Amino acid sequence: MRRTDITVRIAGEGGEGVISTAEILTRAAVDSGLDIFTFRSYPAEIKGGLAMMQVRMSTSPVGSIGRDADVLMAFNQEAFDVWAERMNPGGVVLFDPKHCVVPEGFSFAKVPIPLHETAMKETGARLAKNIVALATLVGTLDIPPHHARDLIVKQFKRKGDDVVATNLKAFDGGLSLLNGDERLAVLKLARPAAEKKGTGRVVLSGNQALSMGAIAGGCRYVAGYPITPATQVLEFMMKHLPAFGGNVIQAEDEIAALSSCLGASFAGTRAMTATSGPGLCLMSEMIGMASMSEIPVVIVDVMRCGPGTGMPTKTEQGDLMYAIHGSAGESPRIVLAATGIEDCFHQAVRAFNLAERFQIPVILLSDQSLGYRTMTMDTPDLSGIQLESRMAPAEFKDFARFEDTDSGVSPVAIPGMPHHMFVATGLEHDEHGSATYTPENRVRMTAKRYRKMDTLARELVASGDGVYDDGAGATVGVIGWGSTEGTIHEAIDRLRADGARVAHLQPKVLNPLPVPTIERFIAPLKRVLVLEENYTGQLAQHLRAHVAFNGTEIVNVNKSTGLPFTADEVVGLVGNHV
Amino acid sequence: MNEAVALKAKDYKNDVEPIWCAGCGDYGDLAAFTQALASMQLDPKDICIVSGIGCSGRFSHFIKGYAYHTAHGRALPTAIGVKAANPNLHVFVVGGDGDGFSIGGGHIPHAARRNPDITYLVIDNAIYGLTKGQVSPTSPFGMVSSTTPFGLEDPPLDPLPMLLSYGVSFVARGFSSDVKQVAKLVQEAVAHKGFSVVHLVSPCPTFNQVITFDFMKERVAPMPDDHDPTSLDAAFRLALNRDRFFTGVFYRNASLPTMEQKLAQQQRLTMDRQPRSLEQLFAMF
């Protein structure tokens, strides 16, 4: 019986080609028609340190990292020592006997694969050992090898025919190592119904999907400063946005990045910056400035472990409170959290629409595990995307830039318009933008700015945002946010398969909260588990501050190791309560 | 714009009254600025003034045009965003010595490298005036202030050699009492294609009793007639002169591409190599 869902981990020294092996394997799997979900853990150093990439492959769509590995390819001893015990039942460890000794009494099946020796024999260079590893995995999983061969040719053709030939030789050498080993027969994958090459099926990381969503959302100015794990957004935009008529600037720091975005937006261009926690801290004065001067802007925070430099390459949902509150004084802003790869695309589009319509900073939260994971998805329906714009001033009408309206949204002019000159200022101001410090004006204008949040909150409830799954009469519910959605779905599916009833809500707009919707979700439940990848339970605090629980017990469920939840863990943690 | 509707200096001044003290050097700079705008007949709808925080940061509130009065030290990067988004705007940055050389000092070298076609007026009174009299980075050695009760122990930062060594492509200096000269310098700065900085020494009669109008008048000297502003070497020598405080255009390098030209080039190169529609972009993955 062939497998329909299998998870492979490839681990070794950073710089040994671990990640590129996994990337080619991923692409080969996708080209053969499989669905994939990848996750990577890599050291903060450029070379050295343990790198690991995990590839889950399935004949049907997968939305989470899965459980532990069914197959481990260990390039060296450290890879073995760290990962070999974390296997699913029936798992098989492949290892290079030159660099790895398996201890006595090791309980999982183990198969030596002479990566180094084969690479030396076939090519005379140890560098090709990752291609040998790729071949043994392709062979073991029984993915048709021509996909991987095509990818090798594509990857190396720029370096010349000799390099292509050498790597193909290493690949064939790797394939021939297997010789129908019985222990590997259990790892063969079922063939997907059809190959999906050229059908609009794409493999994207969260950072890539988010960048494309920004382009689709009309973003035409990006300024950023390199910071792990958000740098890929700046790199992607640098490579692609100018072809759409946009401009991208690598700023001297995050303060300059956001400042220049505000300048660009003031001049009428949709602008975005992408950063991580430390950069968000540096930007926080300008977030308040954007809020006060009512300039639309999108700020992406791909969260990592803090505080300080923390663990820059590890994941954490630690910036929620900072995103909602961080700045001088009280400054309204919208906070969104993308829940998956495809959602990164859609929330980025939405972030721009909300920023423009409400003339407000929008912080879009992602995290390392979401930014760096890759998944298969269909190309979204691009024709269905509608862009919303900021309210334009009426022609020749007496123009009050900060007019106190029912919605809180005021008309805004763009420099170059002949009759609507105004000053955007961080000073408290009246409806016309003139600096004014009277108590009455202060109260009125603060209320006007916050009224935009009320308007949005009402819309969210009316439009059914935060659609939830009531678990068909469940008395226990899970509230998660951001990147954990797919894992929670998978865990709940498994619990339901065992007869448990669990409700689930994953709100995407975290500020303002759609309070009535959340209260409706909570009302029938005895207990709500708030599941977060942080130590202090920030969403739980936020919910406690705004939502009436009326006797429903709220339980914080936290993981703050730097790694994302697995479905197994969630099954265990939630299973205790149902 | 034809002769019949020519705008005068006063037409560039809106009806907001400056909040500056009587005798403030900033009045001279404001008068010179509106004169310069009138001389160039810039269309107010295309003027965008970005200013920081400080007495001079209020400048943007007083001019007819669009303005962004931003956070302390952040006027320069804000203006870069404005110019990148709309190169047709006449973008000015106005701020003081604290705004430009202290809290925002890190932005100047990077603006110089990018070379946006904008004009930065640094209105230098060598004191923090809006916070009522603390030493600034250009305050003289020994100055007593509320934060230096026993006298300032650090030497002042020297703006012109700094701007020249950063590679600013147009560097000039003026004195706020010489309105005519300042107006001319502003015009020359605007005419320069690239990042132009005009350092305007503008005494604060309220909080700075050292760098006074009289002190400046004794030291100001016109730029020597034979100065060649295309010579960086000559510009440095004049800027480093401690005895005489030269005013005029120190340096001008019109051969550098502007930020806007570089961004346009980036667009052309990218359009040649990368997909220009989202459909095509998705197809790459």
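The numbers here are math on the coordinates, done by the rules we state, and not lab data. Given the structure is predicted, the values throughout are model-derived calculations rather than measurements. Here Cβ is always computed from backbone atoms with ideal geometry, including for glycine, and neighbour counts include all displayed protein chains.
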Cβ charges +1 (Lys, Arg) and -1 (Asp, Glu), total dipole of the protein assembly as shown, debye: 1100 debye
Enclosed volume per residue, in Å³, of the convex hull spanned by Cα atoms of the protein assembly as shown: 201 Å³
Estimated distance in nm for a label pair at B:Ala22 and A:Gln386, the labels positioned 7 Å out from Cα along Cα-to-Cβ: 6.1 nm
Separation between Cα centres of the stretch B:109-166 and the stretch B:56-80, rounded to whole Å: 18 Å
A:His419 versus A:Thr475: modelled label distance in nm, points set 7 Å from Cα along the beta carbon direction: 6.7 nm
Selected from B:Val122, B:Val171, B:Val16 as most flexible by GNM, with chain B as the system and alpha-carbon contacts under 10 Å: B:Val16
Charge dipole (the protein assembly as shown, unit charges on Cβ, about Cα centre) - positive-most of A:Gly288, B:Ser165, A:Val423: B:Ser165
Cα lying deepest toward the dipole's positive end in the stretch A:5-198, options A:Ala148, A:Asn130, A:Gly180, charges on Cβ: A:Ala148
Alpha carbon centroid spacing (whole Å) that separates the stretch A:164-212 from the stretch B:208-285: 54 Å
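How high is the relative contact order of chain A, in percent, with contacts defined as C-alpha pairs under 8 Å that are six or more residues apart? Intermediate values should be presented prior to the final figure.
On the way: 1286 pairs, mean separation 70.2, N = 578.
Result for chain A is 12 percent.
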Sequence-distant residues sharing a close amide H with A:Val555 (under 5 Å, placed H): A:Val528, A:Leu529, A:Val530
Candidate aspartates and glutamates for bridging to A:Lys314, where Cα separation is under 13 Å - those fewer than 8 sequence places away on the same chain excluded: A:Glu45, A:Asp367, A:Glu533
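For chain A, which span is the longest to avoid every loop-located (per DSSP) member of GluC sites (Glu not before Pro) having at most 16 other Cβ atoms inside 10 Å?
Working: sites that count: A:Glu45, A:Glu85, A:Glu104, A:Glu195, A:Glu330, A:Glu388, A:Glu395, A:Glu428.
Free of exposed loop sites, the longest segment is A:429-578.
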Gain in span if fully extended, A:Arg2 to A:Ser60, counting 0.36 nm per residue against the direct Cα distance: 19.5 nm
Reach of B:Lys64 by Cα under 14 Å, taken over aspartates and glutamates that are not fewer than 8 positions away in the same chain: B:Asp11, B:Asp15, B:Glu17, B:Asp43, B:Asp46
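What does the structure give for A:417-429 when I average, per residue, the other chain Cβ atoms found within 10 Å of the residue Cβ? Please list the in-between numbers first.
Values: counts 2, 4, 1, 2, 10, 4, 14, 8, 9, 9, 5, 0, 2.
The mean count of partner-chain Cβ atoms within 10 Å per residue comes to 5.
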From phi via Karplus (6.51, -1.76, 1.60), per-residue ³J(HN,Hα) for the stretch B:178-191 in Hz, x at Gly/Pro: 9, 4, 4, 5, 4, 4, 5, 5, 4, 4, 5, 5, 5, 5
Inter-chain shielding of B:57-69 (mean C-beta neighbours from other protein chains, 10 Å cut-off): 5
Amide proton proximity set for B:His192, modelled H, under 5 Å, gap of 5+: none
Residue-by-residue Karplus 3J(HN,Hα) for the stretch A:460-474, coefficients 6.51, -1.76, 1.60, Hz, glycine and proline x: 4, 5, 5, 8, x, 5, x, 4, 10, 10, 7, x, 6, x, 5
0 to 90° range, to nearest 10: angle between helix A:129-141 axis and chain A longest Cα axis: 90 degrees
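Give B:Lys8/B:Lys132; A:Lys397/B:Lys132; B:Lys8/B:Lys193; A:Lys239/A:Lys448 a once-over and call out the pairs whose C-alpha atoms are over 30 Å from each other. Walk me through the intermediate numbers first.
Numbers: B:Lys8/B:Lys132 35 Å; A:Lys397/B:Lys132 41 Å; B:Lys8/B:Lys193 25 Å; A:Lys239/A:Lys448 40 Å.
The pairs that break the limit, which is 30 Å between Cα atoms, are B:Lys8/B:Lys132; A:Lys397/B:Lys132; A:Lys239/A:Lys448.
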³J(HN,Hα) computed for each position of the stretch A:373-384 - Karplus, 6.51 cos²θ - 1.76 cosθ + 1.60, integer Hz, glycine/proline x: 5, 10, 8, 7, 8, 7, 4, x, 6, 6, 6, x
Segment B:Asp11-B:Phe236, extension gain: residue separation times 0.36 nm, minus the distance between their alpha carbons: 77.2 nm
Residues with amide H under 5 Å from that of B:Ala221, placed H, sequence gap 5 or more: B:Phe245, B:Phe246, B:Thr247
Restricting the stretch A:454-539 to trypsin sites (Lys or Arg not before Pro) in coil, as DSSP defines it, with at most 15 other Cβ within 10 Å: A:Lys526
A:Ala447 paired with A:Glu519, simple spin-label distance in nm, labels 7 Å along Cα-to-beta-carbon: 2.2 nm
Pairwise FRET efficiency - A:Asp406 versus A:Thr436, Cβ, R0 = 22 Å, nearest 0.05: 0.55
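To the nearest 0.05, what FRET efficiency results for B:Phe245 and A:Thr309 with a Förster distance of 41 Å applied to their C-beta separation? Walk me through the numbers on the way to the answer.
On the way: r = 46 Å, r/R0 = 1.12.
Efficiency computed from Cβ-Cβ geometry: 0.35.
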Dipole axis of chain A (+1 Lys, Arg; -1 Asp, Glu on Cβ), positive-most option in A:Ile414, A:Ala523, A:Ile24: A:Ile24
